[in-house]
Amino acid sequence: MLGEYPIEGRRAAEIAASVERAVGDGGLEPGQLLPPMRELATRLGVNPNTVAAAYRTLRERGVIETAGRRGSRVRAKPATTTRELIRVDAPPGVCDVSKGNPDPKLLPPLGAAFAAAAAQSDRQPVLYGEAAVDPELERQARMAFDADGVPDAPLAVTSGSLDAIERVLAAHLKPGDGVALEDPGWGSLLDLVSALGLRAVPVGVDDDGPLPADVERALASGARAAVVTDRAQNPTGAAVTAARARALRKVFAAHEDVLLIEDDHGHGIVDLPLHPLAGATRTWALTRSTAKAYGPDLRLAVLTGDAVTVDRVRGRQRLGPGWVSRLQQRAVARLWADGAVDARVVAASYGRRRDALISALAERGVLAYGRSGLNVWVPVPDETGAVARLLHAGWAVAPGARFRLATPPGVRITVAALDDEGIAAVADAVAAATGPAPARRYD
C-alpha cells in the first residue's frame with residue numbers, strides 16, 4: 001500500500017508531519033491509499049485516537065481526503081489554501097456582490113500623500129540599519145491606541161492584517177496546536193491556520209462577537225491561541241460590545257497563558273467604539289490595517305502587543321523583508337494627519353446600505369445579519385442551490401462555505417456596490433432563491 005515509505009511518529013503531530021513530508025518529496029503519490037487507522041496504530045504502537053487525530057489534521061491541511069469505508073488517500077491535488085477556490089466568478093451582466101471590497105467612491109485620493117512622502121524621502125533617504133517604524137506613524141498609531149484604551153506597548157508595521165496575524169501565530173505556536181477561530185469567520189484566516197499546520201477550533205458568533213461559552217470550551221479543550229475580530233467581523237458584521245468584552249476578558253483571564261490576537265481591520269470604517277481585550281492574557285497582539293479605509297492595495301497594518309511578541313515579530317521580519325517601506329509608512333502617516341477618511345461618514349454610508357438590505361430582506365421573510373462593516377450574512381437552508389439560483393438571477397454572492405467550519409449554511413453579500421435600486425433587486429432575488437429562512441441565528 002505504501003511501497004517503501006514508512007510512516008513514523010508517536011504523537012499525532014509527528015505522524016501528520018511524516019505523511020506531509022512524504023507527500024512533499026514524492027514518497028507518497030497523489031491518490032495513494034493510506035493504511036486504515038487501526039492498522040497504522042498497531043504498526044506504530046500508539047492509540048488509534050492518535051492516528052485519527054493525525055488524519056484529521058492532514059484533512060484540515062488539505063493533504064488527504066477521506067471517503068468513508070473507502071479509506072483515506074492522498075489528495076489528487078494537495079492544497080493548503082482551498083477556501084479561496086470556493087467562489088463564484090461573475091460572468092458579464094452579473095452584478096458581483098461577493099468580493100468584500102470597499103466602495104471605491106469612499107476611498108481617499110492617495111497621490112498627494114505619496115508625493116509628500118516621496119519628497120521627504122528625497123530629503124531624508126531611508127538607509128539600511130534605520131528604525132523599521134517611521135516615528136510619525138508610530139506617534140499617530142500610539143495616540144489612536146491610547147484613545148481606544150489599548151495598553152501602552154511596542155509597535156511593529158506589517159504588510160496587512162493577515163501578515164501580522166501569521167507572524168504572531170508563527171512566533172508562538174507549533175504545528176498541531178489549536179487556535180480558537182470565529183465560525184463563521186474570515187476565510188483567509190481559516191486558510192492561514194490550516195497552512196501553518198495549526199488546528200482550527202470553531203467558536204460561535206452572534207451580533208456582539210464571539211460567544212463566551214464557546215471560547216471557554218475551546219480554551220478548556222487545549223486551544224493555545226484565539227483570534228477575535230473587534231468590529232466589522234467578516235462575514236457577519238459582528239462587533240464586540242462593552243458587555244461582551246467584559247465577559248470575554250473574564251474567560252481569557254482564567255487562561256492567561258493563551259495567545260490572544262485581536263483584528264481591528266474595521267478601524268476607519270466603523271463608528272462603533274473599540275472595546276479591546278488586550279492585556280487579558282500575558283501574551284497578546286492587536287492589529288489594525290489600512291485596507292478597508294484606504295484601499296486593499298495599501299498593504300500596511302500596525303501591530304501592537306506584549307514586548308516578547310512584538311520583539312519576535314520584528315526579529316523574524318528583519319530576516320525576511322526587513323521592514324515595510326518607510327515611503328509607504330510616511331504616506332499613511334500623512335493620510336492620518338490630514339484626516340483623509342472620516343470614519344463617521346464612511347460608517348454611515350455602509351450602515352445605511354446594510355440596514356436597508358437587512359430591512360428589505362426582513363420584509364420578504366428572510367433573516368439576515370450585519371451590525372457593522374461591509375457585509376451582510378444571510379443563513380440559507382441550501383447554500384449550493386441558493387448560490388446557483390442567485391447567479392442565474394444575475395447576482396454573484398459569496399458561498400458561506402468559504403467562511404464556515406461547523407456553522408449552518410449561509411451566503412455573504414457585500415453592500416459596497418449597492419444603491420437603493422440594487423438593494424431592492426437583490427432582496428427580491430435572495431427571497432426567490434432561498435424562501436423564508438428558518439428562525440435561527442448563525443451560531
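Rule-based calculations on the coordinates, nothing more; no lab input. Owing to the predicted nature of the structure, the values given are computational and were not obtained by experimental measurement. A quick note on method: Cβ atoms are made from the backbone with ideal geometry, for glycine too, and the neighbour counts reach across all protein chains shown.
What is the packing order of peptides 317-326, 424-433, taking the mean over residues of other C-beta atoms within 10 Å and listing the highest first?
Answer by packing, highest mean first, reads 424-433, 317-326.
Write down the percent of antiparallel bridges among all DSSP beta bridges whose residues are both part of the chain, to the nearest 5. Don't skip to the end; give the middle numbers.
Numbers: 23 of 43 bridges.
Close to 55 percent.
Label 7 Å along Cα→Cβ of D311; the stretch 282-300 residues with amide nitrogen under 20 Å?
Output list for this probe position: 282-286.
With a 10 Å radius around each residue's Cβ, average the other Cβ atoms per peptide and rank 223-229, 257-263, highest first.
On the way: 223-229: 25.4, 257-263: 23.1.
The most tightly packed comes first, giving 223-229, 257-263.
Shape verdict for the stretch 111-337, please, from the Cα gyration tensor: rounded (a/c under 1.5), prolate (a/b greater than b/c) or oblate. Display every interim value, and only then the final one.
Numbers: a/c = 1.98, a/b = 1.61, b/c = 1.23.
In terms of gyration-tensor shape, prolate.
Before rounding to the nearest 500, sum -39500 (n - 2.57) across all DSSP H runs of length at least 4 in the chain and divide by the residue total; then give [θ] at 222 nm in deg cm²/dmol.
Taken over the chain, the calculation gives -12500 deg cm²/dmol.
Running a GNM on the chain with Cα contacts under 10 Å, which residue among S161, S121, S289 ends up with the highest mean-square fluctuation?
Among S161, S121, S289, the largest mean-square fluctuation in the Gaussian network model of the chain belongs to S121.
Evaluate the relative contact order of the stretch 12-74 (contact order divided by residue number), counting alpha-carbon pairs under 8 angstrom at least 6 apart; express in whole percent.
So the answer I get is 42 percent.
Using a Debye calculation, one point per C-alpha and no hydration shell, please list log10 I(q)/I(0) for the stretch 385-428 at q = 0.14, 0.18 Å⁻¹ in order.
So the normalised log intensities are -0.36, -0.57.
Using only alpha carbon pairs under 8 Å that are at least six residues apart, calculate the relative contact order of the chain and give it in whole percent. Write down the numbers at each step before the final one.
Working: 884 pairs, mean separation 81.8, N = 443.
Relative CO of the chain lands at 18 percent.
Using a/c under 1.5 as the rounded threshold, could you call the chain rounded, prolate or oblate? The axes a ≥ b ≥ c are square roots of the C-alpha gyration tensor eigenvalues, and prolate needs a/b larger than b/c, oblate otherwise. Please list the in-between numbers first.
On the way: a/c = 1.69, a/b = 1.17, b/c = 1.44.
Because a/c hits 1.5 or more and a/b fails to exceed b/c, the chain counts as oblate.
If the elastic network links every pair of Cα atoms under 10 Å, which of G129, G71, G187 fluctuates the most in the Gaussian network model of the chain?
Maximum among the listed residues: G129.
Could you order the peptides 394-405, 204-215 from most to least packed, using the average number of other C-beta atoms within 10 Å per residue? Walk me through the intermediate numbers first.
Details: 394-405: 22.3, 204-215: 20.7.
Ranking the peptides 394-405, 204-215 by packing returns 394-405, 204-215.
If you take every DSSP beta bridge fully contained in the stretch 111-337, what fraction is antiparallel? Give it as a percent rounded to 5. Mind showing how you got there, number by number?
Values: 11 of 29 bridges.
Counting only bridges with both partners in the stretch 111-337, antiparallel ones make up about 40 percent.
Which residue, V157, V345, V387, has the most motion in a Gaussian network model of the chain that connects Cα atoms within less than 10 Å?
V345
Could you give the size of the charge dipole of the stretch 111-337 about its Cα centre, using +1 on the Cβ of each K and R and -1 on the Cβ of each D and E, expressed in debye and rounded to the nearest 20?
Numbers: 24 positive and 29 negative charges, 112 e Å.
Rounded to the nearest 20 debye, it is 540 debye.
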